[in-house]
1. Per-residue ellipticity at 222 nm for the chain, helices alone: DSSP H runs ≥ 4 residues times -39500 (n - 2.57), over residue total, nearest 500 deg cm²/dmol?
2. I need the phi-derived Karplus couplings for region 116-129: 6.51 cos²θ - 1.76 cosθ + 1.60, θ = phi - 60°, integer Hz, Gly and Pro marked x.
3. Given H placed on each backbone N at 1.01 Å, which residues far from Ala11 in sequence or on other chains put an amide H within less than 5 Å of it?
4. Take the alpha carbon gyration tensor of region 2-163, find the square roots of its eigenvalues, order them as a ≥ b ≥ c, and report rounded if a/c is under 1.5; if not, report prolate when a/b exceeds b/c, else oblate.
5. If you take every residue apart from Arg21 with its C-beta less than 12 Å away from the C-beta of Arg21, what net charge results, scoring Lys and Arg +1 and Asp and Glu -1?
6. Treating only the Cβ atoms of Lys and Arg (+1) and Asp and Glu (-1) as charged, compute the dipole magnitude of the chain about its Cα centre; round to the nearest 20 debye.
7. What nm distance separates the two modelled labels at Arg165 and Asp150, each placed 7 Å from Cα along Cα→Cβ?
8. For region 103-110, what does the Karplus curve 6.51 cos²θ - 1.76 cosθ + 1.60, with θ = phi - 60°, yield as ³J(HN,Hα) per residue in whole Hz, taken in order and with x for Gly and Pro?
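Just so it is clear, none of the values below were taken in a lab; they were calculated from the coordinates. It should be emphasised that the depicted structure is a prediction, and the values quoted were computed from it without experimental measurement. Cβ placement follows ideal geometry from the backbone for every residue including glycine, while neighbour counts extend to all protein chains displayed.
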Amino acid sequence: MRMVVMRHAKAEQAAPSDFERPLAARGRRDATAAGAWLAEQGWVPDHALVSAARRTQETFTCVAEGGDFSVQPDLDRSLYSAAPESVVDLVRLVPGEVQSLLVIGHNPTMGSLAQLLHDGTGDEQAITDMAGDFPTGGLALLEYDGAWADLAWTSCSLAAFHVARG
């Protein structure tokens, strides 16, 4: 099983509310490039959990376009302000037949989630890169050997960490 934990791409600063902030032009380019990179890795999501905030929805749309993915996102308003524990609870509800899961949300949650799920194994350069910042458009590709219902801290290997810049 593979899961991508992604922070939304670069957003505009001004909007009627934080929840309504759209992606900046750079964010759209970066998210599209992230999708293309995932496709180059041979990764296609079976399921997507996406925060209902405008910038995360737009990130998903661009990632899907860049990767030529056809999956429909499961939009969840609780992902907007969720703690890592709450995100894991949502992942545990993902159907068992899903093999590739995309989760798009906000920091500091997404960066913390990737760190907490990581068991210390995987690609050495990715581990080093993820130990620093988890910038906008950053994504961690995690591998997991188990059922989503049993997902726990330190149960995933880090296959890749990537920050797309389109």
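1. -10000 deg cm²/dmol
2. 6, 6, 5, 8, x, 10, x, 5, 4, 5, 4, 4, 4, 5
3. For Ala11, whose amide H was placed from the backbone, the distant partners under 5 Å are Ala24.
4. Note, shape of region 2-163 comes out rounded.
5. Taking every other residue near Arg21 into account, the sum is -1.
6. Magnitude of the dipole: close to 640 debye.
7. Placing both labels 7 Å beyond Cα along the Cβ direction yields 4.1 nm.
8. Couplings: 10, 10, x, 10, 8, x, 4, 5 Hz.
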